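Colleague: Mind looking over this structure? Questions follow.
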Amino acid sequence: ETGVTQTPRHLVMGMTNKKSLKCEQHLGHNAMYWYKQSAKKPLELMFVYNFKEQTENNSVPSRFSPECPNSSHLFLHLHTLQPEDSALYLCASSPNLSQETQYFGPGTRLLVL
Amino acid sequence: EDQVTQSPEALRLQEGESSSLNCSYTVSGLRGLFWYRQDPGKGPEFLFTLYSAGEEKEKERLKATLTKKESFLHITAPKPEDSATYLCAQEDFGNEKLTFGTGTRLTIIP
């Protein structure tokens, strides 16, 4: 596979469930990102990792927990989510931070019941 | 607070009818202005990066331009397959984050 892949593509979960989103990039990039995209709102940056180290946590609630075991993989662990967390979650990667084009995965459409 | 404003919110054009999408940005020290295309249910697809006022870039029927306050995405003789949401984003010096606009939903009618 090429580019940035995300699994699952769709996820329905209850507020008491625990689930994880996975992102993998095959581009040899060093920086990876999680974004949230809700209807009628701009993409919201959630987390940034550079060389596996978290460099940004954009005031995200603790019910979202990221994990970056290596530069190619990024996870977003979800627990006790709220219905307002329903959105498209996008992963992106770039060669490095700063002035570098970010390449996005197809996203995971999350519905919290 | 840095802001990116895109207009119009939605645009419907006949096939072959040229037009422009606008992206206004507020940051004074622009490091880069990015354009993406997003199809329904998919992630944004990179189109262009512009770095300085006066710069222009082209790809097929699309041309992106940049001034000190805004960027335009010109679409010439569009086809139905150009229908998508077009997003712009700014990156400013001292802040290695992209700030996105809400996008323009473009529909090309055959």
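Colleague: Within region B:13-20, does at least one residue satisfy the condition of being more than 15 Å from B:L106 (Cα to Cα) and either free of Cβ contacts under 8 Å to residues at least 12 places away in the same chain or of a type outside the set (A, V, I, L, M, F, W, C) (or both)?
Modeller: There is no residue in region B:13-20 that is more than 15 Å from B:L106 (Cα to Cα) and either free of Cβ contacts under 8 Å to residues at least 12 places away in the same chain or of a type outside the set (A, V, I, L, M, F, W, C) (or both).
Colleague: Next question. Pull out all pairs, ordered by first then second residue, where Cβ-Cβ is under 7 Å, the residues are six or more apart or on different chains, the first lies in region B:84-110 and is within 7 Å of another protein chain (Cβ to nearest Cβ) and small (G, A, S), and the second is in a strand (DSSP E or B) and surrounded by fewer than 20 Cβ atoms within 10 Å (Cβ to Cβ).
Modeller: B:G101/B:T5
Colleague: Could you run through region B:35-45 and say how many residues are facing chain A (nearest Cβ under 7 Å) and either modelled with pLDDT of 95 or more or crowded, with 18+ Cβ neighbours inside 10 Å (or both)?
Modeller: 2
Colleague: While we're looking at this one, here's another question. How about region B:62-79: which of its residues are open to solvent by less than 20 Å² (accessible area, probe 1.4 Å) and not in a strand (DSSP E or B)?
Modeller: Hit for region B:62-79 is B:P78, nothing else.
Colleague: With the requirement that a residue be part of a loop (DSSP other than H, G, I, E, B) and among the aromatic types (F, W, Y), what does region B:17-61 give you?
Modeller: B:Y51
Colleague: In addition: Could you list, in sequence order, the residues of region A:68-107 that are open to solvent by less than 10 Å² (accessible area, probe 1.4 Å), among the polar types (S, T, N, Q) and more than 9 Å from chain B (Cβ to nearest Cβ)?
Modeller: Answer for region A:68-107, where residues must be open to solvent by less than 10 Å² (accessible area, probe 1.4 Å), among the polar types (S, T, N, Q) and more than 9 Å from chain B (Cβ to nearest Cβ): A:S93, A:S94.
Colleague: Right, next: Taking region A:1-42 on its own, how many of its residues are in a loop (DSSP other than H, G, I, E, B) and open to solvent by 90 Å² or more (accessible area, probe 1.4 Å)?
Modeller: Residues flagged as in a loop (DSSP other than H, G, I, E, B) and open to solvent by 90 Å² or more (accessible area, probe 1.4 Å) within region A:1-42 amount to 6.
Colleague: Is region A:47-61 home to any residue that is open to solvent by 20 Å² or more (accessible area, probe 1.4 Å) and touching a Gly at 6+ places or on another chain (Cβ under 8 Å)?
Modeller: no
Colleague: Let me ask something additional. Give all pairs with beta carbons closer than 6 Å in which a residue from region A:16-41 that is within 12 Å of chain B (Cβ to nearest Cβ) and farther than 13 Å from A:S94 by Cβ meets a residue that is open to solvent by 20 Å² or more (accessible area, probe 1.4 Å) and at pLDDT below 95; count only pairs at least 6 apart in sequence or on separate chains.
Modeller: From region A:16-41, the pairs are A:K36/A:E44.
Colleague: Of all residues in region B:46-80, count the ones that are touching an Asp or Glu at 6+ places or on another chain (Cβ under 6 Å) and either among the hydroxyl-bearing types (S, T, Y) or within 14 Å of chain A (Cβ to nearest Cβ) (or both).
Modeller: 1
The values are calculated or read from the model by the stated rules, or taken from the named source; none is laboratory data. As the structure is a computational prediction, the values presented were derived from the model and not from experiment. Cβ coordinates were reconstructed from backbone atoms using ideal geometry, including for glycine residues, and neighbour counts include every protein chain displayed. The area values use the complete protein model at the heavy-atom level, side chains included, leaving out ligands, DNA and RNA. Shrake-Rupley method; radii C 1.70, N 1.55, O 1.52, S 1.80 Å.
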